[in-house]
Structures are given as structure tokens and as C-alpha cells.
1. Being at pLDDT below 90 and open to solvent by 80 Å² or more (accessible area, probe 1.4 Å) is the filter here; which residues of region 4-16 pass it?
2. On the basis of being open to solvent by less than 60 Å² (accessible area, probe 1.4 Å), over 20 Å from Asp146 (Cβ atoms), in contact with a Ser or Thr (Cβ under 8 Å, 6 or more places away or on another chain) and modelled with pLDDT of 90 or more, does Val48 make the cut?
3. Answer yes or no: is there a residue in region 104-120 that is surrounded by 12 or more Cβ atoms within 10 Å (Cβ to Cβ) and either modelled with pLDDT of 85 or more or touching a His at 6+ places or on another chain (Cβ under 8 Å) (or both).
4. Looking only at residues in region 60-77 that are in a helix (DSSP H, G or I) and small (Gly, Ala, Ser), which one is surrounded by the fewest Cβ atoms within 10 Å (Cβ to Cβ)?
5. List the pairs whose first member sits in region 22-41 and is outside any helix (DSSP H, G or I), whose second member is modelled with pLDDT under 90, and whose Cβ atoms are under 8 Å apart, counting only residues at least 6 apart or on separate chains?
6. List pairs: first residue in region 153-165 and of a type in the set (Asp, Glu), second residue open to solvent by 40 Å² or more (accessible area, probe 1.4 Å) anywhere in the structure, Cβ distance under 8 angstrom, at least six positions apart or on different chains.
Amino acid sequence: MDELVRRLQKGDDAAFEEFVSTYEKKIYTLALRQIGNAQDAQDITQEVFLRVYRNIGNFRAESRLSTWVYQITMNACIDASRRRARRVEVTPMYTDEDGEEQTQIEMPDESYAPEKVFEQTSLREQIKEGLSHLSEEHRRILVLRDINGLSYTEIAEVLNLSEGTVKSRLFRARDRMCTFLRAHGNIPSASASKEAERG
């Protein structure tokens, strides 16, 4: 068994601080990619720490600690999605110059954003939007593999699927993400690529 796990199971406060510093960013990133909302992702991160703290005594090290933590995170994301679906979403409104109510639009601060940074931000936003257009099962697999870097075996353990199913869903998820990005001009189409090669 991992030394950190042993210390956590003994109630070592320093071990829990080490765990938090090691996993905080990973858990938050995974939650943010799944949920798409920073505040919810922060809440999920705290919920995961609480669940780990309460349940570390039941961890038997049949899988890696990271796999177990990702499993808890995915479950917390599912719980948060269900809670959010039950909430009534209220879109902030503002009144324009003509007295008409409009949907609130948050404008990014571009006071010191050169073109390259703007393009990167634009692509990040398109990827975020693309993820929101995927089904929940495809989004989970794409995030775990391509953003968090888990192996097929680890993903299969986290999601309780066969590796074949993981590979199949990942292929479809990537295909749909590429289709979305291509439609928004972030990936050149096959014909455009061939034209560029000829030129």
C-alpha cells in the first residue's frame, strides 16, 4: 500500500495536507471540464476532499489512489449535475439604451490581450463549448483521457467499463469534438488541408 495512503488512514494531518496539494488542481480541472462552471468546480473539489477524508479508511488499495479519487470526483460531478438540473436557472438581464431587457453578456478584459493570446483564449472557449455539446458519457471519457491523461485501464476502472468500450467511446467523442471544432473554423477540413498541401 502507498505510504501516503497509510498515513492518511492513520489520520495524519500532514498527510492530508500533502494529499490536498497533490490533487487539488487535478480534481478542480476534472470537475471544471465536466461541469463547465468554476464555482461548482470549486464546490465539487471541496466535496471530494470531504469524501476522501471520510472514506479513506475503507480504501483497500485494489486500485491506485488516483483512480479512486477520480472515481469519487466523477460521482461528485454526476451528483452536482443532477442538483443543477433541479435548480431553476435565472439568466441575468440588463436594460439597454432603448429600455429593452437583454441577456447579460460578460465581456472579457482585453486591455492587455495580444492577438496570439486572444486566439488561444478563443480556442479554449471553443473546446469548452465543444465539451458541453458532447453527451455526458463521451465528455467524461474525453476529459479523463485527453485532459487528465489517464490510461485506458484507469478510465475503465474509474467508469466501471470494459477497455473496449472506453476505446470505442473515446473514438466517437474525439470524432464529435473534431467535427464541432471544424465547423467553428478551428480545425481545417480535409479538403482545405489538401488544398494547402498543393499550394
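The values are calculated or read from the model by the stated rules, or taken from the named source; none is laboratory data. Only a predicted model underlies this, so the values are computations on that prediction, with no experimental measurement involved. Note that each Cβ is placed from the backbone with ideal geometry, even for glycine, and that neighbours are counted across all protein chains shown. Heavy atoms of the whole protein, side chains included, go into the accessibility calculation; ligands, DNA and RNA do not. Shrake-Rupley method; radii C 1.70, N 1.55, O 1.52, S 1.80 Å.
1. Asp13
2. yes
3. Looking through region 104-120, none of the residues is surrounded by 12 or more Cβ atoms within 10 Å (Cβ to Cβ) and either modelled with pLDDT of 85 or more or touching a His at 6+ places or on another chain (Cβ under 8 Å) (or both).
4. Step one: list which residues in region 60-77 are in a helix (DSSP H, G or I), which gives 65-77.
In the following step, the residues that additionally are small (Gly, Ala, Ser) were identified as 66, 76.
Details: Ser66: 16, Ala76: 23.
So, considering only residues that are in a helix (DSSP H, G or I) and small (Gly, Ala, Ser), the one surrounded by the fewest Cβ atoms within 10 Å (Cβ to Cβ) is Ser66.
5. Gly36/Lys128; Gly36/Leu131; Gly36/Ser132
6. As it stands, the answer is Glu154/Arg64; Glu157/Gln71; Glu163/Tyr152; Glu163/Thr153, since those pairs meet every condition given.
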